[in-house]
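Engineer: Below is a structure I'd like to ask you about.
The values are calculated or read from the model by the stated rules, or taken from the named source; none is laboratory data. Note that the coordinates shown come from a computational prediction; the quantities given were computed from them, not determined experimentally. Glycine also receives a Cβ, built like all others from the backbone with ideal geometry; neighbour counts cover every protein chain displayed.
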Amino acid sequence: MSPDERKLIAVIGATGQQGGAVVRALQASGQFKVRALSRNPGKHRQLAEEVVEADLDRPETLNAAFAGTDGVFLVTNFAEPGTDELKQATAAVRAAKQSGVKHFIWSTLPDVEAISGGKFEVPHFTGKAKIDRIVKEAGFPHHTFVIAPGYYQNFVGRLGPQKHADGSVGWALPINPDVRCLHMGDIRELGDIVAGAFAHPDEAGNGEYLPLVGDFLSFNEIVETLNRQGHHFSFKQVPKEAFASAFPGAAEIAEMFSYWEAHTYLGSDSSDRIALANKVAGRQPTNFSAWARVNFPVETH
């Protein structure tokens, strides 16, 4: 394929974990030219062949950013203070449609409200799911939904093991550790699914949902996996109420654990979707044990 025949893909959130993974996978495939969108393009000149200024909160920047692109990958950042994901995504979809984009890929999450019949409230999941309809109704020639799992990376980050009062190190969470409920993966591998979907729009561009799932485990299985590798971690189930008041944002995390326990992370049997995602990506995602061996070093004293 000559450089001029490659499709041009715009990647929103190119400096984040998901967007960065997408940029790398698109570049590695050799089939695409990448336009990385950033609020501070000057800081990130090396990111891709083109680095263009775009800000989801300033819709007037988006038309120029999408001009001439064949595809757009969109992820919004729930955790950024003041983010209105619905408003941002709506602006991006509108601008992409006006710019003649042929394939729109949106990084979504399960609709907890619908799956649980309103029993559980997990806004950072449901808020993304509510945007799916806007993408569907925009009428792009092709659109795809990708679903990020629980990041393995969180286990060495904000969901890392803690030291407890009794001297043990591990997790104290409001979830039954015997229930297999957590769909997980190495978020750097989401890019392979996105690049695969852009490369195979006929197979994966008709509103398919493609989750990245490297493993499906209970918390006891997570702890056992790590302890087999030489760690000495423990797990204690704690009451939801006690956990929910422990720190800002803890109540929603506790609610999310309750949802997982009742319905799993993805909310339903997703084996067909997972199989299609892996087929499109052209590879099996890394399982937790293999990831942990490299990324969860055993402390030697």
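Engineer: I need the full set of residues from region 245-274 which are aliphatic (A, V, I, L, M) and either under 20 Å from the mean Cα position of the chain (by Cα) or buried (at least 17 other Cβ atoms within 10 Å of the Cβ) (or both), in order please.
Structural biologist: Residues satisfying the conditions are Ile253, Ala254, Met256, Leu266, Ile274.
Engineer: Kindly evaluate Ala114 against the criterion of being closer than 22 Å to Leu8 by Cα and over 16 Å from the mean Cα position of the chain (by Cα).
Structural biologist: The answer is no for Ala114.
Engineer: List pairs: first in region 180-191 and touching a residue at least 24 places away in the same chain (Cβ under 8 Å), second of a type in the set (Phe, Trp, Tyr) and assigned to a loop (DSSP other than H, G, I, E, B), Cβ under 9 Å, 6+ apart or cross-chain?
Structural biologist: Going by the 9 Å Cβ cut-off, the qualifying pairs are Cys181/Tyr265; Leu182/Tyr265; His183/Tyr265; Met184/Tyr265.
Engineer: May I ask you to list the residues in region 209-260 that are under 29 Å from Glu299 (Cβ atoms) and of a type in the set (Ser, Thr, Tyr)?
Structural biologist: Ser218, Thr225, Ser234
Engineer: Hey, which of the strands (runs of 3 or more DSSP E) in region 20-93, taking only ones fully inside, have at least 2 residues that are crowded, with 22+ Cβ neighbours inside 10 Å and of a type in the set (A, V, I, L, M, F, W, C)?
Structural biologist: Per the criteria, 32-38, 71-74.
Engineer: Answer with yes or no whether Val294 is surrounded by fewer than 14 Cβ atoms within 10 Å (Cβ to Cβ), of a type in the set (Val, Ile, Thr) and part of a helix (DSSP H, G or I).
Structural biologist: So Val294 fits the description; yes.
Engineer: If Ala251 passes every condition in (1) touching a helix residue (DSSP H, G or I) at 6+ places or on another chain (Cβ under 8 Å); (2) touching a residue at least 24 places away in the same chain (Cβ under 8 Å); (3) under 30 Å from Gly13 (Cα atoms) but one, which one does it miss?
Structural biologist: Of (1) touching a helix residue (DSSP H, G or I) at 6+ places or on another chain (Cβ under 8 Å); (2) touching a residue at least 24 places away in the same chain (Cβ under 8 Å); (3) under 30 Å from Gly13 (Cα atoms), only one is false for Ala251: (2).
Engineer: If Arg158 meets every condition in (1) at pLDDT below 95; (2) under 20 Å from Asn287 (Cβ atoms) apart from one, which number is that one?
Structural biologist: Every condition holds for Arg158 apart from (2).
Engineer: Let me ask something else about it. Search region 235-275 for residues being of a type in the set (Phe, Trp, Tyr) and in a loop (DSSP other than H, G, I, E, B), and hand back the single one that is farthest from Val112 (Cα to Cα).
Structural biologist: Phe247
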